[in-house]
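Some notes on the structure that comes next.
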Amino acid sequence: MRSRSLAGTPLSITEMGFGAAGLGNLYRETTDDEAERAVDAAWDAGIRYFDTAPHYGLGLSERRLGRALAKYPRDEFVVSTKVGRLLVRNPNPTGLDTDGFAVADDLVRQWDFSADGVRRSLDESLTRLGMDRVDIVYVHDPDQAAADAGTRALRALIELREEGVVSAVGVGTNSASEVSRAFDETDADVAMLAGRYTLLEQGALGDALRSAADRGKSIVAVGVFNSGILASDHPEHGAMYDYRAAPDDVLIRAERIARVCAEFGVPLPAAALAFPLRHPTVVNVTVGMRSAAQVRQNVALSGRDIPPGLWDALHEEGLVAQSA
């Protein structure tokens, strides 16, 4: 598994990363054993970058990831978590979380982008992970809170970076403009950008990736299957895009991309994994995986040779931006 340097930091991360939202029971339950075997399969495949967050299963993802990684040498992997959502006691639990995770709602998420909130969140994450440090910390979804949430929290994270508590800081978001703001207004190192720079959608070229290139920053691409529409060779009616059923125009575009890929003998998901890494600012593609089988499948797809002619054909068909 090849690695790339995170610009301006001492870190290098593998080109594929392990996204641990599934370890927090995203949409459905995952057992402790399945979670551990998924992490072990990722390690065996050479993956050395692991991403989690308090949001994922109200801390369950962090606890499971920390237990699974405890057997491996700490200096041989990079781990990231996120701040912005504190976990506090739920005064009125109903028995089930209502934010997409199949877990009990004894805790509830509370937005907090203050300096004290950032430090408290990181301390609590370290406790759940059972680690004395994480390498990268992202401000999680600040665009869903207040307009200045990202810059406020990043200032606190930059102080922690300067104190040597973490090695790199940034923002994790679905918003390309939020990434631009982070790079243009703060000394953030990296952004985790979800769904906005993919084989299907390249709108981030004009803001997020431009800002990263202009300022010598790095991008971690996530959501590269656009919620599932690019995860199979043949997108079908009902396929998910951006967390909901894909509209007809998006589905037609995905079908056209799939046909071009088929002409070159390339599975659509393999092209989706490879595409973001062609941009000089993108250092990693992190994929959500909850089982060893999913890990092995995605690693195999990422190892496929992609004929250069495929990208040329997609450009010629107008299916991928010429500047991508």
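Please treat every number below as a calculation from the coordinates, not as lab data. Everything numeric in this text was worked out from a predicted model, so none of it was measured. Note: ideal-geometry Cβ built from the backbone for every residue, glycine included; neighbour counts use all protein chains shown.
Quick notes on this structure:
- Length gained when the stretch Ala262-Arg89 is fully extended (0.36 nm per residue, less Cα-Cα span): 57.2 nm
- Each principal axis of the chain carries a Cα extent, and these read 53, 42, 38 Å when sorted largest first.
- Integer Hz, Karplus 6.51/-1.76/1.60 couplings in order for segment 259-270, x for Gly and Pro: 5, 5, 4, 4, 4, 9, x, 10, x, 3, x, 5
- Integer Hz, Karplus 6.51/-1.76/1.60 couplings in order for segment 229-242, x for Gly and Pro: 5, 9, 8, 10, 5, 10, x, 10, 4, x, 4, 8, 9, 6
- Candidates Asp75, Asp305, Asp135, ranked by Gaussian network fluctuation over the chain, Cα under 10 Å, top entry: Asp75
- Backbone amide hydrogens, once placed in the peptide plane, bring Ala239 within less than 5 Å of Ala246, excluding anything fewer than 5 places away on its chain.
- Taking amide H as placed 1.01 Å from N in the peptide plane, the amide H of Val78 sits under 5 Å from that of Tyr49, Phe50, each at least 5 places away or on another chain.
- Amide H contacts of Phe101 (H built 1.01 Å from N, in plane; Pro and chain starts excluded): Tyr27 sit under 5 Å, all sequence-distant by 5 or more or on other chains.
- Between segment 55-128 and segment 12-42, the Cα center-to-center distance that results, in Å: 15 Å
- Of all DSSP beta bridges confined to the chain, the antiparallel ones make up roughly 25%.
- Calculated from backbone phi, Karplus (6.51, -1.76, 1.60) coupling profile of segment 216-223 in Hz, x at Gly/Pro: x, 10, 10, 10, 9, 8, 10, x
- The Stokes-Einstein estimate for segment 60-150, based on a Kirkwood radius over Cα pairs and taken at 20 °C with 1.002 mPa s viscosity, is a diffusion coefficient of 149 µm²/s.
- Values of log10 I(q)/I(0), in the order q = 0.15, 0.17 Å⁻¹, for segment 1-145 under a Debye, Cα-only, solvent-free model: -0.76, -0.96
- Among the chymotrypsin sites (Phe, Trp or Tyr not before Pro) found in segment 204-313, those both in a DSSP coil and sparsely packed, with 16 or fewer other Cβ atoms within 10 Å of their Cβ, are Tyr243, Phe264.
- Where GluC sites (Glu not before Pro) in DSSP loops with at most 15 other Cβ within 10 Å are excluded, longest remaining stretch of the chain: 30-162
- For segment 264-324 and segment 177-199, distance of Cα centres in Å: 20 Å
- DSSP beta bridge pairing in segment 1-115, given as percent antiparallel to the nearest 5: 65 percent
- For the chain, a crude dipole built from +1 on the beta carbon of Lys and Arg and -1 on the beta carbon of Asp and Glu, taken about the Cα centre, is about 420 debye to the nearest 20.
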